[in-house]
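Presented below is the structure to which this report refers.
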Amino acid sequence: MTTRRGIYLLGVVVLCAWVLVPIWLIAANALGGQALIAAWPKPLVPTQMSLDTLRVFLAIEGVGRALWISFEVAVLCMVFSVALGLPAGYALARYSFRGANVFRVMILLTRAFPVGILALPLTVGFIRLGLYDTALGVALMHTALALPFAVLVSASLFQAIPRELEEAAWVFGCTRLSAAWRVVLPLAAPGVVATAIFAFVISWNEVFAASVLSARNRTLTAYLLAVLADSPLTYQFAGGLLLIVPSVGFIFLVRRHLFAMWGIASR
Amino acid sequence: MAGIVIDGISKAFGNTVALAALDLAVADREFVALLGPSGCGKTTLLRIIAGLETATTGRVLIGGRDVTNLPPRARGLAMVFQNYAVFPHLRVCDNIAFGLKMARAERTRIDRQVARTAELLQLAPYLDRYPAQLSGGQRQRVAVARALAVEPALLLMDEPLSNLDALLRLDMRAELKDVLREAGTTTIYVTHDQTEAMALADRIAVLHGGRIEQIGSPSAIYHSPATRFVGSFVGSPPMNFLRADAGRLMGIRPEDIDLVDAGAGLPFRVSVVEPLGAQTLLTGTTDGQVVRVALPGEHVIAAGATLFLRPRPDRIRWMDAATGNALAQAAG
Ligand SMILES: Nc1ncnc2c1ncn2[C@@H]1O[C@H](COP(=O)(O)OP(=O)(O)O)[C@@H](O)[C@H]1O
Ligand SMILES: [Mg+2]
């Protein structure tokens, strides 16, 4: 009993460290100033914390704009992924149609296709369509990356909602659409939120496609890659911190919904 | 007017035939119980009437209108699902009000109906709870309340009392009968519990293997089973079937057998005695065949004793041993 509890606690500690140590390192290096980056071992709490580096970093030409573009692209990607992923997931969950399994595999295969090979034709195509170097263009590419996840997760989400609930809604006066709106969606909401966040985070962190498909209107990741490669380390860490904070903050905000989703899944 | 006509409905799931060309007419305001063992097609028939399942062949008419191709919401009925299907994200009161809200009923009517049905099903203390905070029996009552609240002309119920404990089930059965008769609701009630069917229904349709084996009043079903299956499915303990002459079976209810003096009847060797209070149940053998006898009141009888039995002649039901169908009873 006590050994099992000990192992359990050890697991918790290891997992927390796994996630928290890198975040701490980046935060410490970003906030602790030049001296701390070279220092080893690092103090647990930096002696002279300052937001100076961060402030200087944010003042760098274009960082603010890149931050905004990143946000724009991630939100667009989130909206597209949910708008396209939910109906597709619903169809997979509720209807047995010819080729459903092939469809499932194909969805996953899109992720196996290396973006690198696609880069040149995509760029050419986007230029022709006027999508090159726009937030919409990058968001579409990111949607392609996030969509498989959105479809498969929402399919399993809808599968977990008993069909009888929908049928009850139909009997008591709902159309298919209003039953989906009044019964299925509220029950799927926690999972939908999780799907949306995942799409946001995928887009927020993506760097390759964003770099290839834009020139001046870069997302933060692409911008950092292009501009900060030669900057002092402390600014690179500041950029890293800025990239992490929104994702972590977003997930923290909706953690209740995530737990709720797992609650449903484990019931 | 909400009489129902089921006209040649059949349903196959792949190679499984769930319903075989079934005909059934339910009069307006009638209460019909569909009784049968698990897997005989009761739920499937109910779902076809509700429009949740498409029949392979046949038509469904409700109130004279062919609804075969109408969606569930256009059929003007309410349903209690076998697994409740109570909406988990809505409070009990919103669950009960769901149908009326969808029909855009007036606020006052919604409130009145919620209060009334909650009262009826003893749910008043739980109106603000979510279904997850209720027991199985309470959830089942919410499902019943949700269906009653819309005051449907036609009510379909799929084993609506199966998860209640014995006492509550008895209560609820009586309440349900009262309410539905008063409201004049045409009801189709699915159950595998023959007592429930007997207690509630104007007529019982006994289903077996996707066919209606017999349809009639509870008394007709009980006393004059049309087939051996009906006799052995309805009644607890079931009817005895004893081999007789000329390929006939003698069907006799356990309570229609009298004890007589030694030598005046069939010798019966008792193997089990079950004193049930109102009855004493005997199980034993006569001529190598198992027979159950139900004697009124309490008797002190030892297992292993030999008694003598005489079936009441007017209660004997002769059956064809080969087909299992009842024979012209004059022969008895
Ligand atoms: N969706 C389905 N797919 C395949 N077979 C089904 C389906 N629904 C019911 N069946 C089959 O049809 C028969 C009747 O089922 P059902 O109507 O649920 O019986 P009951 O309600 O009387 O227990 C059973 O043999 C069952 O296995
Ligand atoms: Mg059933």
Take residues that are away from every other protein chain (no Cβ under 14 Å) and tell me which of the strands (runs of 3 or more DSSP E) falling wholly in the range B:147-226 contain 1 or more. B:186-191, B:203-208, B:211-216
Looking only at residues that are in contact (Cβ under 8 Å) with a residue 24 or more places away in the chain and away from ligand 1 (no atom under 16 Å from the Cβ) in the range B:57-72, which one is farthest from A:Ala168 (Cα to Cα)? B:Gly64
When every residue in the range B:30-82 that is charged (D, E, K, R) and not in a loop (DSSP other than H, G, I, E, B) is compared, the one nearest to the other protein chains (Cβ to nearest Cβ) is B:Arg73
Look at the range B:145-160 and say how many of its residues are away from ligand 2 (no atom under 16 Å from the Cβ) and more than 12 Å from B:Val114 (Cα to Cα). 4
Pick from B:Val5, B:Val80, B:Val26, B:Val86: which is more than 16 Å from ligand 2 (Cβ to nearest atom), among the aliphatic types (A, V, I, L, M) and in contact with a Pro (Cβ under 7 Å, 6 or more places away or on another chain)? B:Val86
Counting only residues that are hydroxyl-bearing (Ser, Thr, Tyr) and either surrounded by fewer than 20 Cβ atoms within 10 Å (Cβ to Cβ) or within 14 Å of chain B (Cβ to nearest Cβ) (or both), the range A:145-162 contains a total of 1
Please tell me if A:Leu224 is at pLDDT below 85 and buried (at least 23 other Cβ atoms within 10 Å of the Cβ). yes
Could you pull out every one of the strands (runs of 3 or more DSSP E) wholly within the range B:288-332 that has 3 or more residues that are of a type in the set (A, V, I, L, M, F, W, C)? B:289-296, B:306-311
Can you pull out every residue in the range B:83-106 that is facing chain A (nearest Cβ under 8 Å) and polar (S, T, N, Q)? B:Asn83
Has the range B:126-142 got any residue that is of a type outside the set (Ser, Thr, Tyr), outside any strand (DSSP E or B) and closer than 27 Å to B:Val5 by Cα? no
Does the range B:44-56 include one or more residues that are charged (D, E, K, R), without any contact (Cβ under 8 Å) to a residue 12 or more places away in the chain and within 16 Å of ligand 1 (Cβ to nearest atom)? yes
Across (1) touching a residue at least 12 places away in the same chain (Cβ under 8 Å); (2) outside the structural domain of A:Gln159 (by TED's automatic domain parsing); (3) over 30 Å from A:Leu152 (Cβ atoms), A:Leu10 clears everything bar (1)
Going through the range A:163-189 one residue at a time, which ones are at the interface with chain B (Cβ under 7 Å from one of its Cβ atoms) and of a type outside the set (Val, Ile, Thr)? A:Glu164, A:Leu165, A:Glu167, A:Ala168, A:Trp170, A:Phe172, A:Gly173, A:Cys174, A:Pro186, A:Leu187
Which of (1) more than 16 Å from ligand 2 (Cβ to nearest atom); (2) surrounded by fewer than 23 Cβ atoms within 10 Å (Cβ to Cβ) is the odd one out, the single condition B:Thr43 does not satisfy? (1)
Number of the condition not met by A:Tyr95 [criteria: (1) among the hydroxyl-bearing types (Ser, Thr, Tyr); (2) touching a helix residue (DSSP H, G or I) at 6+ places or on another chain (Cβ under 7 Å); (3) within 30 Å of A:Leu147 (Cβ to Cβ)]: (2)
So which pairs qualify, if the first residue must be in the range B:147-171 and of a type in the set (S, T, N, Q), the second must be modelled with pLDDT under 95, the Cβ gap must be under 7 Å, and the two must be at least 6 apart or on different chains? B:Asn163/B:Gly136; B:Asn163/B:Gly137; B:Asn163/B:Gln140
When you look at B:Leu70, is it surrounded by 20 or more Cβ atoms within 10 Å (Cβ to Cβ), more than 20 Å from A:Arg182 (Cα to Cα) and of a type outside the set (Asp, Glu), yes or no? no
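The values are calculated or read from the model by the stated rules, or taken from the named source; none is laboratory data. Computed from a predicted model, the values in this text were never measured in an experiment. Reconstructed Cβ throughout: ideal geometry from the backbone, glycine too, with neighbour counts over all protein chains shown.
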